[in-house]
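Novice: Pasting a structure here, questions to come.
The values are calculated or read from the model by the stated rules, or taken from the named source; none is laboratory data. What you are looking at is a predicted structure, and each value in this text was computed from that prediction instead of being measured. So basically every Cβ, Gly included, is an ideal-geometry build from the backbone, and we count neighbours across all protein chains shown. Side chains included, ligands, DNA and RNA excluded: accessible areas come from the protein's heavy atoms. Shrake-Rupley method; radii C 1.70, N 1.55, O 1.52, S 1.80 Å.
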Amino acid sequence: MAASAYAAAPLAAPDWLNKGDNAWQLTAATLVGIQSMPGLVVLYGSIVKKKWAVNSAFMALYAYASSLLVWVLVGFRMAFGERLLPFWGKAGVALSQDYLVRRAALSATAHGDTPRTEPFYPEATLVLFQFEFAAITLVLLAGSVLGRMNIKAWMAFTPLWLLFSYTVGAFSLWGGGFLYHWGVIDYSGGYVIHLSSGVAGFTAAYWVGPRLKSDRERFSPNNILLMIAGGGLLWMGWAGFNGGAPYAANIAASVAVLNTNVSAATSLLTWTCLDVIFFGKPSVIGAVQGMMTGLVCITPGAGLVQTWAAVIMGMFAGSVPWFTMMILHKKSALLMRVDDTLAVFHTHAVAGLLGGILTGLLATPTLLRIESPVPGLRGAFYGGGIGQVGKQLAGAAFVVAWNVAVTSLILLVIGLVIPLRMPDEELMIGDDAAHGEEAYALWGDGEKFDATRHDAARVGGGAGGGGIMEREGSVGQRLSGMGARGVTIQL
């Protein structure tokens, strides 16, 4: 067995396989996966009101699992396969041994002077890595509709959006589509992932409708410490997010990981300082949002800009989304009308667009030659002129327009069959109405949702205020034998 490992061309290690690249790419894929599972699952389950903890975590969990099957059945090759249209690849399965063990290749990336992208590892590794990106895009999108979207509608939405929206952006910008060959720069998903999820999430929030008025007015996290833990998993996992984008363990990967951390730290500190200046005290939730915008903003150029530029991008990331969220949001009728639960529009769409524009200014020709096979690319500050910024804006416009149109169409079709929003009486209850489960057993076991008693008075609400929870064997019964019936307290 030992001798076969060093044979001339062993079946498990063909000549084209670079074991270091393969090991790093699998590690990077795992790190990105941890961002979703358990990173965003924990973050969503803790940053929302107590009554929505289970539902919010499950929406992320379901999106992750459902994406994988769709991805290997048809999605991967629609995003990274042979060209069908300038913005779409040919659908096909990524399940057979012959396909998965051959050398990875993005066939549509070859055009003119641009060579075909061929990483030094098997197709299976690329399928897994790109799946993690597709999954986290849907999980991020979910943040806009937490606290009221019908879970059955969400279950129908996730595979359709992955097929008809995500694959188009991925092929256009990464898989060899028209934006890729035109020279729009998106190193690791500022547009494909963050601008898409922010715009699609905002659009979905518009069509689904708002939360209850009481939830919009008060939606405090049920566990800030767990929220920080989830945010920490996101930050650390971003090493794989941006470090895996070059498809190799090379210099660009090292620069990208360093720049990612520098931008995140700078943005967090900038956001926190603005909170102290304008509100008198630092906000932990604000710090997590600042961390997020720093990570998002650097993503389109993480391996393409110098580290001093990452500091500048972090400063913009901590201030521009802060301004749109804290100031502009309150002055815009549209932003106030649409109930974007976790402000995904500001933290991902605004930050992703900002990062794309700054990349068009700050990307260096040296790093672009290392990372991008498209010849002649350079930021405006390095001789690229305003043309590169124009390309960045045009690419963003395509992503925005496609996501608004396709997300709207998908939800309108689903709405013909399944209500997009939960009924108000179930919204009063939350997790137990949606799943028959609660995150915290504050009153003991055995609570059940009784839909026939939704007009009964409840603690924290009057008659007709929603459903009531009945349970067998309440705390009061166990302690005093008085037979008191327990109800849910709205936290």
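Novice: Name the residues in segment 87-126 that are at pLDDT below 90 and hydroxyl-bearing (Ser, Thr, Tyr), would you?
Specialist: Within segment 87-126, Ser107, Thr109, Thr114, Thr117 meet the criteria.
Novice: A further question follows. Kindly evaluate Lys213 against the criterion of being open to solvent by 10 Å² or more (accessible area, probe 1.4 Å), without any contact (Cβ under 8 Å) to a residue 60 or more places away in the chain and either touching a Phe, Trp or Tyr at 6+ places or on another chain (Cβ under 8 Å) or not hydroxyl-bearing (Ser, Thr, Tyr) (or both). Write out each step before concluding.
Specialist: On the way: open to solvent by 10 Å² or more (accessible area, probe 1.4 Å): yes; without any contact (Cβ under 8 Å) to a residue 60 or more places away in the chain: yes; either touching a Phe, Trp or Tyr at 6+ places or on another chain (Cβ under 8 Å) or not hydroxyl-bearing (Ser, Thr, Tyr) (or both): yes.
Considered against the rule, which asks whether it is open to solvent by 10 Å² or more (accessible area, probe 1.4 Å), without any contact (Cβ under 8 Å) to a residue 60 or more places away in the chain and either touching a Phe, Trp or Tyr at 6+ places or on another chain (Cβ under 8 Å) or not hydroxyl-bearing (Ser, Thr, Tyr) (or both), Lys213 comes out as yes.
Novice: Just give me the residues in segment 121-162 being open to solvent by 10 Å² or more (accessible area, probe 1.4 Å) and more than 27 Å from Asn22 (Cα to Cα), in sequence order.
Specialist: Correct list: Asn150, Ile151, Lys152, Met155, Ala156, Pro159, Leu160.
Novice: I've got another one for you. May I ask you to say which residue of Gly20, Gly45 is within 18 Å of Ile224 (Cβ to Cβ) and in a helix (DSSP H, G or I)?
Specialist: Values: Gly20 fails: within 18 Å of Ile224 (Cβ to Cβ).
One residue alone meets the criteria, Gly45.
Novice: Can you name the residue in segment 330-341 that is open to solvent by less than 40 Å² (accessible area, probe 1.4 Å) and either of a type in the set (A, V, I, L, M) or out of contact with any Gly (no Cβ under 6 Å at 6 or more places or on another chain) (or both) and, of all such residues, is nearest to Ala265 (Cα to Cα)?
Specialist: Narrowing segment 330-341 to residues open to solvent by less than 40 Å² (accessible area, probe 1.4 Å): 332, 335, 338-341.
Filter again for either of a type in the set (A, V, I, L, M) or out of contact with any Gly (no Cβ under 6 Å at 6 or more places or on another chain) (or both), leaving 332, 335, 338-340.
Details: Ser332: 30, Leu335: 28, Val338: 30, Asp339: 29, Asp340: 25 Å.
Among those residues, the one meeting the criterion is Asp340.
Novice: Would you mind finding the one in Ala108, Ala65 that is touching a helix residue (DSSP H, G or I) at 6+ places or on another chain (Cβ under 8 Å) and either of a type in the set (Ser, Thr, Tyr) or part of a helix (DSSP H, G or I) (or both)? Let's see the steps before the verdict.
Specialist: Numbers: Ala65 fails: touching a helix residue (DSSP H, G or I) at 6+ places or on another chain (Cβ under 8 Å).
Testing whether each residue is touching a helix residue (DSSP H, G or I) at 6+ places or on another chain (Cβ under 8 Å) and either of a type in the set (Ser, Thr, Tyr) or part of a helix (DSSP H, G or I) (or both) leaves just Ala108.
Novice: Within segment 322-335, identify whether any single residue is farther than 24 Å from Asn242 by Cβ and small (Gly, Ala, Ser), and answer yes or no. Before you say what the answer is, go through the steps one by one.
Specialist: Here is the first cut: in segment 322-335, the ones farther than 24 Å from Asn242 by Cβ are 323, 326-335.
Narrowing further to those that are small (Gly, Ala, Ser): 332-333.
Within segment 322-335 (the criterion being farther than 24 Å from Asn242 by Cβ and small (Gly, Ala, Ser)), the answer is yes, since at least one residue qualifies.
Novice: Could you list all residues from segment 151-202 that are of a type in the set (Val, Ile, Thr), part of a helix (DSSP H, G or I) and touching a Ser or Thr at 6+ places or on another chain (Cβ under 9 Å)? Spell out how you get there, then give the answer.
Specialist: First pass over segment 151-202, keeping only residues of a type in the set (Val, Ile, Thr): 151, 158, 167-168, 184-185, 192-193, 199.
Cutting the leftovers down to part of a helix (DSSP H, G or I) gives us 151, 158, 167-168, 192-193, 199.
Hits for segment 151-202 are Thr158, Val192, Ile193, Val199.
Novice: Within segment 62-82, how many residues turn out to be buried (at least 20 other Cβ atoms within 10 Å of the Cβ) and closer than 29 Å to Gly430 by Cβ?
Specialist: Within segment 62-82, the subset buried (at least 20 other Cβ atoms within 10 Å of the Cβ) is 63-64, 67, 70-71, 74-81.
Next cut, closer than 29 Å to Gly430 by Cβ only: 63-64, 67, 70.
Adding up the residues that qualify gives 4.
Here is a yes/no grid of residues against (1) closer than 30 Å to Gly33 by Cβ; (2) without any contact (Cβ under 8 Å) to a residue 12 or more places away in the chain:
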| site | (1), (2) |
| --- | --- |
| Gly237 | yes, no |
| Ala265 | yes, no |
| Leu274 | no, no |
| Val284 | yes, no |
| Ala310 | yes, no |
| Ala317 | yes, no |
| Trp322 | yes, no |
| His329 | no, no |
| Ser332 | no, yes |
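Novice: Filter segment 238-286 down to the residues that are closer than 30 Å to Ile370 by Cβ, open to solvent by 10 Å² or more (accessible area, probe 1.4 Å) and among the β-branched types (Val, Ile, Thr), then identify the one that is farthest from the chain's Cα centre (by Cα).
Specialist: Across segment 238-286, the extreme among qualifying residues is Ile251.
Novice: How many residues are surrounded by fewer than 16 Cβ atoms within 10 Å (Cβ to Cβ) and hydrophobic (A, V, I, L, M, F, W, C) if we restrict to segment 92-102?
Specialist: Result for segment 92-102: 3.
Novice: Then there is this: Would you confirm whether or not segment 446-462 contains a residue that is polar (S, T, N, Q) and either at pLDDT 85 or above or closer than 19 Å to Val145 by Cα (or both)? Spell out how you get there, then give the answer.
Specialist: Taking segment 446-462 first, the residues polar (S, T, N, Q) are 452.
Narrowing further to those that are either at pLDDT 85 or above or closer than 19 Å to Val145 by Cα (or both): none.
No, the conditions are met nowhere in segment 446-462.
Novice: Let me ask something else. In segment 379-390, which residues are open to solvent by 20 Å² or more (accessible area, probe 1.4 Å), at negative phi and not aromatic (Phe, Trp, Tyr)?
Specialist: Listed by number, the residues that qualify are Ala380, Gly384, Ile386, Gly387, Gly390.
Novice: Any idea which residue in segment 173-204 is farthest from Met428 (Cα to Cα), counting only those that are among the hydroxyl-bearing types (Ser, Thr, Tyr) and at pLDDT 95 or above? Steps first, answer last, please.
Specialist: Going through segment 173-204, the residues among the hydroxyl-bearing types (Ser, Thr, Tyr) turn out to be 180, 187-188, 191, 196-197, 203.
If we keep only those that are at pLDDT 95 or above as well, we get 191, 196-197, 203.
Numbers: Tyr191: 36, Ser196: 31, Ser197: 28, Thr203: 24 Å.
Only one residue fits best here, namely Tyr191.
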